[in-house]
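Quick notes on the structure that follows.
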Amino acid sequence: MLPVVVVHGGAGQIPKERSEMSTAGVCRAARAAYSILQGGGSSMDAVVEAVSLLENDPSFNAGCGSVLNVKGEVEMDAIVMDGKMLRSGAVSAVRNIANPVQLARLVMDKTSHACLTAEGANQFASAMGVPSVPQESLITEYSQMRWKKNLTPDADPVECQMGKMGTVGAVAVDGEGNISCATSTGGMLNKMEGRVGDTPCIGSGGYADNNIGAVSTTGHGEAIMKVTLARLILFHMEQGQSVEAASDLGLAYMRSRVHGLGGVVTVDPRGHWAVRFSSRQMSWAAAQKDTLHYGLYTGEHYTQSINAH
């Protein structure tokens, strides 16, 4: 069964012309991460590679392509977690960084802390030699258009959240049986300055434990935080539920208890995996046993050889 990697490009609703780019993006990320695993690389290397590629792809709400806050600026959050020792690193409200997920990994590897925020995270980045990038390089015309549209008094905030896939993330199990997760986001469209969502919060945006499995989440951040969705799903797996059943139970509870929609990618230590979402769409891709699996709508599941392009 091992190794395996599963990637998501965010839950939500997306216009047709953008959905193809989104599906192509997650497939590319899953392929790249899988080749790391096939070469004997770690699950952490694989998930960071997958999420970095999605951050660099303007089709997603992470890195370049992040949505803008109420002031028209980019503030990004990211987390990584390593299931072997439960080590985790996260950053929140960072600006001028091309790949927040790589900075989150540095927080895990090079500090005794679990999360750095805002200015402190940016200072740490420069101390680590991570180049600062101009804000403009992260802002796309599409993000600006949606930001302006959402500033009008008659804007419908629900409608405005649509048209952009959300957070990106990945989970993986490597050949050694080590499990990791990574999640990265630009947050919520036209959010207040300084708003931090579920993504960098351990147990909400993601969680990985070699003994149970790993989850990366996407959806309405405030709702995800209220139910600590990633850890809730792993709790159900500890109780003996399968990856699918546990994921469905977590999403159903979030929907009934706090009316939140979202999506998850989940793996267990034996390489079973699941992709589940309560939103209309979530672009996803998985790679296992030289097969690439992918889809966008509920019930959609295509496969092709990992080597086919």
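What follows is calculated from the coordinates using simple rules that are stated; it is not laboratory data. Model, not experiment: these values are computed from the prediction. Note that each Cβ is placed from the backbone with ideal geometry, even for glycine, and that neighbours are counted across all protein chains shown.
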Simple SL model, points at 7 angstrom along Cα→Cβ for residue 280 and residue 142; separation in nm is 1.5
So residue 135 and residue 13, fully extended at 0.36 nm per residue minus their Cα-Cα distance, gain in nm 41.3 nm
Note on the chain: helices (DSSP H) long enough, at least 24 Å by alpha carbon along their axis, and hydrophobic enough, mean Kyte-Doolittle at least -1.0, are 16-38
Note: residue 119 to residue 154 extended length (0.36 nm per residue) minus current alpha-carbon separation gives 9.2 nm
Here P(r) for region 4-305, Cα-Cα distances in 20 Å bins, as whole percents, is 40, 57, 3
If one builds a Gaussian network model of the chain from Cα atoms under 10 Å apart, the most fluctuating residue listed among 17, 75, 244 is 17
Stretched fully, the stretch from residue 308 through residue 111 gains (0.36 nm per residue minus C-alpha distance, one decimal, in nm) 66.8 nm
Inverse of <1/r> over all distinct C-alpha pairs of region 110-235, i.e. the Kirkwood Rh in Å, gives 16.7
When all Cα-Cα pair distances of region 1-108 are considered, the percent exceeding 20 Å is 43
Proxy exposure order for 273, 284 (fewest C-beta within 10 Å first) is 273, 284
